[in-house]
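Below is one structure, written out as structure tokens, with a few remarks after it.
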Amino acid sequence: MSTTPLHPSKAADTATFDRVESQVRSYCRSFPRKFGRAENATIFDVDGRAHIDFLAGCSSLNYGHNDPDMRAALVDYITEGGIAHGLDMHTDAKERFLATFEEKILKPRGMDYRLMFTGPTGANAVEAALKLARKVTGRHKTVAFTHGFHGVTMGALASTANSYHRGGASSELAGVDRAPYDGYFGDGIDAADMLAQMLDDPSSGFDKPAAILVEPVQGEGGLNVASAEWMRKLEAIARKHGALLIVDDIQAGCGRTGTFFSFEEMGISPDIVTLAKSLSGMGLPFAMVMIKPEHDIFGPAEHNGTFRGNNHAFVTARVAIEKFWSDDAFQKEVQAKGDHLAARLETIADAHGFSTKGRGMMRGIDAGDGETAGKVCRACFEEGLIIETSGAHDEVVKVLCPLTIPRAQLDAGLDIVERAFAAVCGKGEARDAAE
Ligand SMILES: Cc1ncc(COP(=O)(O)O)c(C=O)c1O
């Protein structure tokens, strides 16, 4: 029998990428198809095959692909000749975003921050936050945590814990002391108490830091969750030692954990907050640093960049906030979906003696090792589900679907995850077939 397919797959033809693009490419290796169109939680390859998206641009698409209202507003803006690039000049698009963020995000939460637009990546926001904390305090060292991920430019990378990414620098990564994250040593050892003790002891060898930089949920680090109590302890440590508390909400923010900010029900008031990924609402490059007014001390253009703020993103980000954050309906929907996700993942994990991790709509299953998790993800992709791993050993199968995913599609995706775990970890034919 001939093995030549009747209709050759355009989506499987990766020859141009293999020939021309750098080796550094990564996600395309896990999902070796060519994609064309996307709508909410569905992404179509160029052969027209639909895939359920449980990766969502690594949480850059919390409101799904191509939200119709954001897209319409952006198309109108472009059609009317709206400014695409304006350096950091005043534009109508920026003013409307600032006013909307103030009105619908800051004021209802009793928050007072100045908004700084950096270059459009998360790493750039983290760089700015760290530089600012150093300038405010006059100190050099900052504290970051085990399994933390903050980007791969040099300053951010110094805060990132992952040795593979750190190795890419081939240079000294200076200025950061590493502390254990909540739960790092297991129950019974409070990692915040350890940090407090080190900072209280003038001979611990730990310099007084300019800042403590923390993710309330570690996205890339394996969905480790910090408790509210632990975060309050960190804030108290920062205050006691004159350091700024920086919350990196780049992955966990914009609704991912069920509230706009992942820390907003923790009773803390960070000095600086970084946002990127889903801030634009539509996957456009856009990053922002929120700064308490008293720390807003960079001189004009002292931290600059050609692409500070993105007018197209100002348009879509404003629509995202107006549409999803004008009342608490979306928040409640995300929280309910997060509970459902948790229950279904528990069932799958229990069936194989694994555990679940995460919070809100940022959850996964710790499959014990990277090989198992990788096999599960590959089995999922065979069935048309895009899902990735995270964690120090890539051992966590991580669900990061759009928050707007319809319940039925969420369940369809989770059915695939369930079958994949059964195929990879169960006994008998299914398992053999997956290997
Ligand atoms: C918490 C966190 N901070 C910073 C970054 C870096 O963002 P970017 O990849 O846009 O530079 C990431 C990226 O995954 C992240 O998860």
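FYI, it's all coordinate maths here, none of it is from the lab. These numbers were taken from a predicted model, which means no experiment stands behind them. Virtual Cβ from ideal backbone geometry, glycine too; neighbours counted across all protein chains shown.
Values for this structure:
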| quantity | calculated |
| --- | --- |
| Filtered residues of region 148-161 (kept if crowded, with 17+ Cβ neighbours inside 10 Å and away from the ligand (no atom under 11 Å from the Cβ)) | GLY155, ALA158, ALA161 |
| Qualifying residues in region 36-92 (those that are charged (D, E, K, R) and free of Cβ contacts under 8 Å to residues at least 12 places away in the same chain) - the one nearest to VAL376 (Cα to Cα) | ARG37 |
| Hey, THR259 polar (S, T, N, Q) and away from the ligand (no atom under 13 Å from the Cβ) or not | yes |
| Hey, THR137 surrounded by fewer than 21 Cβ atoms within 10 Å (Cβ to Cβ), within 16 Å of the ligand (Cβ to nearest atom) and closer than 21 Å to ILE268 by Cβ or not | no |
| Only one of ASP76, ASP45, ASP88 that is away from the ligand (no atom under 16 Å from the Cβ), within 26 Å of the chain's Cα centre (by Cα) and surrounded by fewer than 18 Cβ atoms within 10 Å (Cβ to Cβ) | ASP88 |
| Helices (runs of 4 or more DSSP H) completely within region 2-86 that count 3 or more residues being of a type in the set (A, V, I, L, M) | 68-79 |
| All positions within region 138-189 that are among the aliphatic types (A, V, I, L, M) and in a loop (DSSP other than H, G, I, E, B) | VAL152, ALA161, ALA169, LEU173, ALA174, ILE189 |
